[in-house]
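A short worksheet on the structure shown next.
The values are calculated or read from the model by the stated rules, or taken from the named source; none is laboratory data. This is a predicted model, so every value here is computed, not measured. All Cβ positions, glycine included, derive from the backbone under ideal geometry; neighbour counts span all protein chains shown.
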Amino acid sequence: MAKKSSAHTLEYILLGLIREEPAHGYALYEILRSTTELSLIWQVKRSKLYYLLDKSETEGYLSSRTSSQGPYPDRKVYQITQRGLEILEEWLHSPVNSSRYVRLAFLSKLYFLVREDNKNAEELIEKQLEICAGWLENLQKQHQTLGAEDFINAQVFLFRIGQIKAMIEWLKNCKETLPSY
């Protein structure tokens, strides 16, 4: 799975949910709709969710078994495979590589890591802080090269610098306020 698009981030979220408990598609849809933390981050159509489940199964990240529902249609219950566990773990412990993915991917990673181990959540926050510091340094260097005639470009860089500074402060706050379980 590529690590950039939001569709792929949603695939990782599905792997994370299924790692916690094997489930059928509609149950996963309900979890994403009703779990406050996840519903604040993600909204997904059922058709997209089923497509991603099938895709993940085809790629070998999930397996499924048929569960009989009596007089109702059978359901596919998904389980995560060893391959799925491996890529999920790699994804969970890697900082995001673009600021545009912090809201969706980073918060999704934090959702799972906080539920299992604050040490891992804290390590991810530290890694992300390092990445953000690099982004900030790069933007500041680029901004310094601009002349007075580059007003709009300067404003773009100042805006981005402000965003990254706010992100750094937010990450520091996340680290300081991690819940203890």
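Listed residues Ala7, Ala2; which is hydrophobic (A, V, I, L, M, F, W, C), in contact with a His (Cβ under 6 Å, 6 or more places away or on another chain) and at pLDDT below 95? Steps first, answer last, please.
Values: Ala7 fails: in contact with a His (Cβ under 6 Å, 6 or more places away or on another chain).
Selected residue: Ala2, the only one of Ala7, Ala2 that is hydrophobic (A, V, I, L, M, F, W, C), in contact with a His (Cβ under 6 Å, 6 or more places away or on another chain) and at pLDDT below 95.
Take the residues in the stretch 84-96 that are touching a Leu at 6+ places or on another chain (Cβ under 7 Å) and part of a helix (DSSP H, G or I); name whichever of them is nearest to Thr58 (Cα to Cα).
Restricting to residues being touching a Leu at 6+ places or on another chain (Cβ under 7 Å) and part of a helix (DSSP H, G or I), the top hit is Gly84.
Select from the stretch 83-113 the residues that are free of Cβ contacts under 8 Å to residues at least 60 places away in the same chain and farther than 24 Å from Pro179 by Cα and write down the one among them that is nearest to the chain's Cα centre (by Cα).
Within the stretch 83-113, the match that is nearest to the chain's Cα centre (by Cα) is Arg100.
Return yes or no: is Leu53 in contact with a Leu (Cβ under 7 Å, 6 or more places away or on another chain), closer than 23 Å to Arg103 by Cβ, free of Cβ contacts under 8 Å to residues at least 40 places away in the same chain and hydrophobic (A, V, I, L, M, F, W, C)? Walk me through how you get there before you give the answer.
Numbers: in contact with a Leu (Cβ under 7 Å, 6 or more places away or on another chain): yes; closer than 23 Å to Arg103 by Cβ: no; free of Cβ contacts under 8 Å to residues at least 40 places away in the same chain: yes; hydrophobic (A, V, I, L, M, F, W, C): yes.
No.
Taking the stretch 123-163 as the region of interest, how many residues are under 19 Å from Ser108 (Cα atoms) and of a type in the set (A, V, I, L, M, F, W, C)?
5
Here is a yes/no grid of residues against (1) in contact with a Gly (Cβ under 8 Å, 6 or more places away or on another chain); (2) among the acidic types (Asp, Glu); (3) within 22 Å of Glu11 (Cβ to Cβ):
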{"residue": "Tyr61", "(1), (2), (3)": "yes, no, yes"}
{"residue": "Pro73", "(1), (2), (3)": "no, no, no"}
{"residue": "Ser98", "(1), (2), (3)": "no, no, yes"}
{"residue": "Leu104", "(1), (2), (3)": "no, no, yes"}
{"residue": "Glu116", "(1), (2), (3)": "no, yes, yes"}
{"residue": "Glu149", "(1), (2), (3)": "no, yes, no"}
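If you check Glu57 against the conditions, is it under 24 Å from Met167 (Cβ atoms) and surrounded by fewer than 19 Cβ atoms within 10 Å (Cβ to Cβ)?
Values: under 24 Å from Met167 (Cβ atoms): no; surrounded by fewer than 19 Cβ atoms within 10 Å (Cβ to Cβ): yes.
It is false that Glu57 is under 24 Å from Met167 (Cβ atoms) and surrounded by fewer than 19 Cβ atoms within 10 Å (Cβ to Cβ).
Does Phe112 satisfy being more than 29 Å from Trp91 (Cα to Cα) and of a type in the set (A, V, I, L, M, F, W, C)? It would help to see each step written out before you state the result.
Details: more than 29 Å from Trp91 (Cα to Cα): no; of a type in the set (A, V, I, L, M, F, W, C): yes.
Spelling it out, it is not the case that Phe112 is more than 29 Å from Trp91 (Cα to Cα) and of a type in the set (A, V, I, L, M, F, W, C).
Somewhere in the stretch 67-74, is a residue of a type in the set (D, E, K, R) and either in the same structural domain as Glu176 (by TED's automatic domain parsing) or touching a Lys or Arg at 6+ places or on another chain (Cβ under 6 Å) (or both)? I'd like the intermediate steps shown before the answer.
Quick first cut of the stretch 67-74, residues of a type in the set (D, E, K, R) only: 74.
Checking which are either in the same structural domain as Glu176 (by TED's automatic domain parsing) or touching a Lys or Arg at 6+ places or on another chain (Cβ under 6 Å) (or both) leaves us with none.
No, there is no match, as no residue in the stretch 67-74 is of a type in the set (D, E, K, R) and either in the same structural domain as Glu176 (by TED's automatic domain parsing) or touching a Lys or Arg at 6+ places or on another chain (Cβ under 6 Å) (or both).
Please specify each residue of the stretch 28-50 satisfying the condition of being surrounded by 13 or more Cβ atoms within 10 Å (Cβ to Cβ), aliphatic (A, V, I, L, M) and either touching a residue at least 24 places away in the same chain (Cβ under 8 Å) or closer than 20 Å to Val102 by Cβ (or both).
The answer is Leu28, Leu32, Leu38, Ile41, Val44, Leu49.
Within the stretch 34-46, does at least one residue satisfy the condition of being among the basic types (Lys, Arg) and either modelled with pLDDT of 95 or more or in contact with a Leu (Cβ under 7 Å, 6 or more places away or on another chain) (or both)? Talk me through it step by step, then tell me what you get.
Within the stretch 34-46, the subset among the basic types (Lys, Arg) is 45-46.
From what's left, either modelled with pLDDT of 95 or more or in contact with a Leu (Cβ under 7 Å, 6 or more places away or on another chain) (or both): none.
Scanning the stretch 34-46 turns up no residue that is among the basic types (Lys, Arg) and either modelled with pLDDT of 95 or more or in contact with a Leu (Cβ under 7 Å, 6 or more places away or on another chain) (or both).
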